[in-house]
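Since the structure comes first, as structure tokens, the remarks are kept for the end.
The values are calculated or read from the model by the stated rules, or taken from the named source; none is laboratory data. These numbers were taken from a predicted model, which means no experiment stands behind them. Positions of Cβ are backbone-derived with ideal geometry, glycine not excepted, and every protein chain shown enters the neighbour counts. Just the protein is used for accessible areas: all its heavy atoms, side chains included, with ligands, DNA and RNA removed. Shrake-Rupley method; radii C 1.70, N 1.55, O 1.52, S 1.80 Å.
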Amino acid sequence: MKRQIITTGDGSKTIQIEEWNEQYHSVHGAIQEAKHVFLKHGLHYFLDQGQVVNDGGKTLSQNVSILEIGFGTGLNAFLTLLESRSNNLLIDYVGIEAYPVSETEILELNYPDQLQSKKGSDLYERLHQVSWEKPHLITSGFQLTKIQKFFHQITFKETFDIIYFDAFGSRVQPELWTESIFEIMFLALKSGGVLVTYSAKGSVRRAMLAVGFLVEKLPGPPGKREMLRAVKPFS
């Protein structure tokens, strides 16, 4: 399928699959969508639930485990890495991707420049340069493991605090938004764990509810009215 790099509404780029008329990120703004859906309503929400441990008034580094469904361009991982550097976090990040993005495409994306991140280009490139199927320490607070497999092959059990569910939309890949997939996600999360996604479709919400998630609709990023957050109840 033909792919091209396009510029989204906030100036950041993404990859478009022309045959599907589908993009890796929102055409209204790749970076602003990722920040709103995955950082604000995923990572920040989890951190705000009182998980941070204090020792004599001193806030300790917090360990957070994240599973990304659809590693793609690495934008969500890159933003999370930057967040770990500014918020004293120790993040163990696992990205699942069946079809890795090419090196040529990565070089055309402009996320470090758009974010005006010092050393950002080196860090972003390193996310893509490290080998698959093994953990790599990208910075002292961010460990990345990239795994090439299909989502239905995931077998993690009670491993992650947060899931970034960033698969292609159900319009083009409905099989990725079924009860069977969300059952895998439910099992992969620890009790109290959080799953966030840009989708707000009724069928997706019902699939989440059917496997045991507590689900809420939230305001979506620019250009989208709503999104979903699902929490695994404490057992």
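Kindly indicate whether any position in the stretch 153-161 is touching a Phe, Trp or Tyr at 6+ places or on another chain (Cβ under 9 Å) and open to solvent by 50 Å² or more (accessible area, probe 1.4 Å). No - not one qualifying residue is present in the stretch 153-161. Any residue that is surrounded by fewer than 16 Cβ atoms within 10 Å (Cβ to Cβ) and in contact (Cβ under 8 Å) with a residue 24 or more places away in the chain - is there at least one of those in the stretch 123-132? Yes, the conditions are met somewhere in the stretch 123-132. If the condition is being open to solvent by 10 Å² or more (accessible area, probe 1.4 Å), in contact with a strand residue (DSSP E or B) (Cβ under 8 Å, 6 or more places away or on another chain) and either among the polar types (S, T, N, Q) or closer than 18 Å to PHE46 by Cβ (or both), then the stretch 162-185 contributes only ASP166. For the stretch 83-112, enumerate the residues that are touching a Phe, Trp or Tyr at 6+ places or on another chain (Cβ under 7 Å), of a type outside the set (S, T, N, Q) and assigned to a helix (DSSP H, G or I). Of everything in the stretch 83-112, those that are touching a Phe, Trp or Tyr at 6+ places or on another chain (Cβ under 7 Å), of a type outside the set (S, T, N, Q) and assigned to a helix (DSSP H, G or I) turn out to be TYR111, PRO112.
The criterion of being open to solvent by 70 Å² or more (accessible area, probe 1.4 Å) and at pLDDT 95 or above holds for PRO219. When residues in the stretch 9-48 are screened for being outside any strand (DSSP E or B) and free of Cβ contacts under 8 Å to residues at least 24 places away in the same chain, 6 of them pass.
Let's see how each residue does on (1) open to solvent by less than 70 Å² (accessible area, probe 1.4 Å); (2) touching an Asp or Glu at 6+ places or on another chain (Cβ under 9 Å); (3) aliphatic (A, V, I, L, M):
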| position | (1), (2), (3) |
| --- | --- |
| LEU90 | yes, no, yes |
| PRO112 | yes, yes, no |
| GLY120 | yes, yes, no |
| LYS134 | no, no, no |
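For the stretch 49-82, taking the residues that are assigned to a loop (DSSP other than H, G, I, E, B) and modelled with pLDDT of 95 or more, the one that is farthest from PHE234 (Cα to Cα) is identified as THR73.
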